[in-house]
Amino acid sequence: LSQDGLNVLFTTYTHSLINATKSLLKELRFKEGKNTLDIININRISGRYITTETKRLDKVNFGSRWKPFFKDAMAADNSNTFTTREADFLYEEIERCIISEDLKSVEEYLDYDRSGRGRRLGAKQKSAIWKIYEAFEEILSSNNKTLLVYWAKEALKNAKPYYDYVFIDEAQDLTPVQIRLCSKLVK
């Protein structure tokens, strides 16, 4: 980082990893600041590229704040394919596969290769998940709520290349859209 004007981004998912990284880099005498090294979590990066209107929506990602809305969405699905004990799996499936991959229809979801997700899903199950997703989106919207994955989707549309290098720590914790955002930010 001794080159003048070199812009480097170090990002990860959690604030605690950012704080630990800042501490380690101070010991190595790296300087944080504009045009040198930005150490910031992915959600803050997303926040740089979204509208004020989106920022005003209440984020329900933290803790279990999303669960009541999600359980209402699950109740709207009359297929009884899933139980509320499966809410965590279903939420992650919707966030990482449907929203993050910007799937537009149940047909796209049915065709989507979700290899590595750890659980096989048939067409009936995927169709039920799609219905839950649609209900969840409607419930969030009608309650002025949002998810951080929507921040990343909007940021991806608005972001411009700025950094010479982007380093992602714990990349497996980021959604695909967050990784695409990081890629878009590098020159």
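Taking 0.36 nm per residue of separation and subtracting the current Cα-Cα distance, fully stretching the chain between D58 and N143 would add 29.7 nm. Measure nothing fancy, just the Cα-based angle from helix 123-142's long axis to the longest principal axis of the chain, in degrees from 0 to 90, nearest 10. The two axes meet at around 70 degrees.
A straight chain from T51 to K160 at 0.36 nm per residue would run longer than the Cα-Cα distance by 37.7 nm. Extending 7 Å from Cα along the Cβ direction at K71 and again at E107 yields two label points whose distance is 3.7 nm. For the chain, carbon and sulfur atoms together expose 48% of the accessible surface, with a 1.4 angstrom probe and every protein chain in place. Dividing the helix sum by the residues of the chain, where each DSSP H run of 4 or more adds -39500 (n - 2.57), gives a mean residue ellipticity at 222 nm of -13500 deg cm²/dmol. To the nearest µm²/s, what D does Stokes-Einstein give for segment 94-187 at 10 °C and 1.306 mPa s, using the Kirkwood radius over alpha carbon pairs as Rh? Value of D from the Cα-based Kirkwood radius: 108 µm²/s.
With the highest mean first, a sort of the peptides 121-129, 6-14, 62-70 on other beta-carbon atoms found within 10 angstrom per residue produces 6-14, 121-129, 62-70.
Estimated at 0.36 nm per residue, the fully extended path between T14 and S79 surpasses their Cα-Cα distance by 19.8 nm. Using θ = phi - 60° in the Karplus curve 6.51 cos²θ - 1.76 cosθ + 1.60, the 3J(HN,Hα) couplings for segment 179-186 round to 5, 5, 4, 4, 5, 5, 6, 8 Hz; x is entered for Gly and Pro. Seen against the Cα atoms of the chain and their longest principal axis, helix 148-158 is set at about 60 degrees. In a DSSP loop and with at most 16 other Cβ atoms within 10 Å, the chymotrypsin sites (Phe, Trp or Tyr not before Pro) in segment 125-187 are Y162. Within the listed set A87, A159, A73, the residue fluctuating most in the Gaussian network model of the chain (springs between alpha-carbon atoms under 10 angstrom) is A87. Here the contact order of segment 48-187, divided by its residue count and restricted to Cα pairs under 8 Å and six or more residues apart, works out to 35 percent. Annotation: average projected area of segment 57-143 is 5.7 square nanometres, based on the convex hull of Cα atoms across all directions. Of the residues A128, G118, P68, the one whose Cα sits farthest toward the positive end of the charge dipole of the chain, with +1 on the Cβ of Lys and Arg and -1 on the Cβ of Asp and Glu, is P68.
All other residues whose Cβ lies under 12 angstrom from that of T14 are scored, Lys and Arg at +1 and Asp and Glu at -1, for a net of -2. If each Cα of the chain is one equal point scatterer, what is log10 of I(q)/I(0) from the Debye formula at q = 0.16 Å⁻¹? Normalising to I(0) and taking log10 leaves -1.02.
Summing charges over all other residues whose Cβ lies under 9 Å from the Cβ of Y49, with Lys and Arg as +1 and Asp and Glu as -1, gives +2.
Antiparallel beta bridges, as assigned by DSSP with both residues in the chain, represent about 10 percent of the total such bridges. The residues of the chain expose, per residue, 57 Å² of accessible area to a 1.4 Å probe.
The values are calculated or read from the model by the stated rules, or taken from the named source; none is laboratory data. All values reported here derive from a predicted model rather than from experimental measurement. Using ideal geometry, Cβ is built from the backbone for each residue, glycine included, and neighbour counts are taken over all protein chains shown. Side chains included, ligands, DNA and RNA excluded: accessible areas come from the protein's heavy atoms. Shrake-Rupley method; radii C 1.70, N 1.55, O 1.52, S 1.80 Å.
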